[in-house]
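For reference, the structure discussed in these notes is given below.
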Amino acid sequence: MFKAFQLTIYKRDKNFNLEDFLFLLSFVAISFGFNEIAILFSVYIFFKTRLSRLQSKKIIYFLLPILISGTFLSLYNLDNLESNDFENILFRIRFYWIRIIYAITVASYLYNKSYIKILHIIYVLAMANLIIGILELILNSLNGEFSRLNMLALEPSSSSMFYLFSIPLLFIYGQYFPKKKKYIYFFFFLGLLILSKAQILVLIFWATIYLIYLKKSFLKLIVIIFVFVFGYSYIIQLTQISVMINLFNVLSMDGLQALNPQNQVWTSFTLRISSWLSAANIFITNPFGVGFGQFHLLYIEYMKTSDIVGAITGPGIDNILSGDGMYATPKSAFMELLVSSGLFFVIPFVKLSKKIFNKKNNSFIKISFSSLVLSALMVEIAPFLTFLIFIMILQHKSPTENFN
């Protein structure tokens, strides 16, 4: 699938200076929702590089339309809102300002790094997640219970986005550093215990791709089939798998109207599906976006007027519609950007996708990008735009040129 180029790998590609440690600290902090350290990192990069001299201007042109359109449309609609809605929308504007500005400054930080250095940064983050994951596993064993792994994130779903984004890129890194492969595989297998719904679906995507590339390797194919057949009974008993199978069965037999707790459909599914369908409708009727934080009010309106989507029920949905305090979001980083900025997000994203899937790019970068987007359709808290920046920078750099 991918053959490593012969590169001269310098010692500085594996060394970490104060700026690198500050980035790692800021990345972990923003993954946990501690924005202050991420803001400090952004301020540091801003004064060091200065916005007018940023060489990663293509990334600025990608992110600024999202920031400006989402903010302007939010502020345009603030006049007639109640105080609670006003505060929630301002909070959402603040959330995206921090995320987008941080992503821009991460781009500036990464731009002058070598191809290998960027991959090494991802490897170091993966090893940090691996260490925390091992500690979690030990603590769970001591307590005599099994719990899904969070690693360096607030929740398993957020952790899964880094896992799904990083694994394909770590395989590239392993081509240049064969001795590191055992640690990469250890992270790969331990990360399976994250057991996020997004992760499970993307793993199926990976397995499909792997089987396509194995069509000429009959022996490996037989081994995979053997493992699947004997592991099938165990796999379908996992809670995360069994509830997804139940969801599929309910949808295929009775449709959207059957998505409710009476049919053993989890509220996380009913809330997510109703949010996705509402977001798609909002984008169709407002192709230029509605602004950050506006989804909540439009979701309530759509759920009360739609005959099909409104038939979906669950405690989470009831809580939102009754106004008891739960705030509606599309439950998807990708869908929220789609709703908030509309075509100002779609057009740059389509252009980026065309560049990523250029024949010259290696397959693992394409798989990482696809996996990231698929997970962003189901995960909302993780720093999706920052992961996207890593892929954009790697896609821009040539692996045959390794210089700082």
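Within region 1-36, can you find the residues that are part of a loop (DSSP other than H, G, I, E, B) and modelled with pLDDT of 60 or more? Let's see the steps before the verdict.
Of the residues in region 1-36, the ones part of a loop (DSSP other than H, G, I, E, B) are 1-10, 14-17, 32-34.
Matches in region 1-36: ILE9, TYR10, LYS14, ASN15, PHE16, ASN17, PHE32, GLY33, PHE34.
Out of (1) in contact with a Gly (Cβ under 9 Å, 6 or more places away or on another chain); (2) at pLDDT 75 or above, the odd one out for TRP266 is which?
It fails just one condition, (2).
What residue, of ILE347, ILE300, is in a helix (DSSP H, G or I) and within 28 Å of GLU87 (Cβ to Cβ)? Spell out how you get there, then give the answer.
Details: ILE347 fails: within 28 Å of GLU87 (Cβ to Cβ).
After applying the criteria, what remains is ILE300.
Give just the number: which of (1) in a helix (DSSP H, G or I); (2) surrounded by fewer than 22 Cβ atoms within 10 Å (Cβ to Cβ); (3) of a type in the set (Val, Ile, Thr) does ILE389 not satisfy?
(2)
Check off (1) outside any helix (DSSP H, G or I); (2) modelled with pLDDT under 80 for SER52 and give me the number that stays unchecked.
(1)
Might you check whether a residue that is free of Cβ contacts under 8 Å to residues at least 40 places away in the same chain and more than 10 Å from the chain's Cα centre (by Cα) occurs anywhere in region 326-338? Full working, then the answer.
Residues of region 326-338 that are free of Cβ contacts under 8 Å to residues at least 40 places away in the same chain, as a first pass: 326.
Those still in the list that are more than 10 Å from the chain's Cα centre (by Cα) too: 326.
Checking region 326-338: at least one residue is free of Cβ contacts under 8 Å to residues at least 40 places away in the same chain and more than 10 Å from the chain's Cα centre (by Cα).
Mind checking which pairs have a first residue in region 257-283 that is more than 15 Å from GLY310 (Cα to Cα) and a second that is of a type outside the set (S, T, N, Q) and in a helix (DSSP H, G or I), Cβ under 7 Å, 6 or more apart or different chains?
Between residues of region 257-283 that are more than 15 Å from GLY310 (Cα to Cα) and residues that are of a type outside the set (S, T, N, Q) and in a helix (DSSP H, G or I), the close pairs are ASN263/VAL250; VAL265/LEU247; VAL265/VAL250; TRP266/VAL243; PHE283/LEU338; PHE283/VAL339.
Does LEU169 satisfy the criteria of being assigned by TED's automatic domain parsing to the domain that holds ALA29, in a helix (DSSP H, G or I) and touching a Phe, Trp or Tyr at 6+ places or on another chain (Cβ under 9 Å)?
Yes: the conditions hold for LEU169.
Scan region 266-296 for residues that are within 24 Å of the chain's Cα centre (by Cα) and part of a loop (DSSP other than H, G, I, E, B) and jot them down.
Of everything in region 266-296, those that are within 24 Å of the chain's Cα centre (by Cα) and part of a loop (DSSP other than H, G, I, E, B) turn out to be TRP266, PRO287, PHE288, GLY289, VAL290, GLY291, PHE292, GLY293, GLN294.
Does region 348-355 contain any residue that is more than 25 Å from TRP97 (Cβ to Cβ), of a type outside the set (S, T, N, Q) and not assigned by TED's automatic domain parsing to the domain that holds TRP97?
Checked against the condition, which is being more than 25 Å from TRP97 (Cβ to Cβ), of a type outside the set (S, T, N, Q) and not assigned by TED's automatic domain parsing to the domain that holds TRP97, region 348-355 yields at least one hit.
The values are calculated or read from the model by the stated rules, or taken from the named source; none is laboratory data. Being a predicted model, the structure only gives us computed values, none of them experimental. Positions of Cβ are generated from backbone atoms using ideal geometry, with glycine treated the same way; all protein chains shown enter the neighbour counts.
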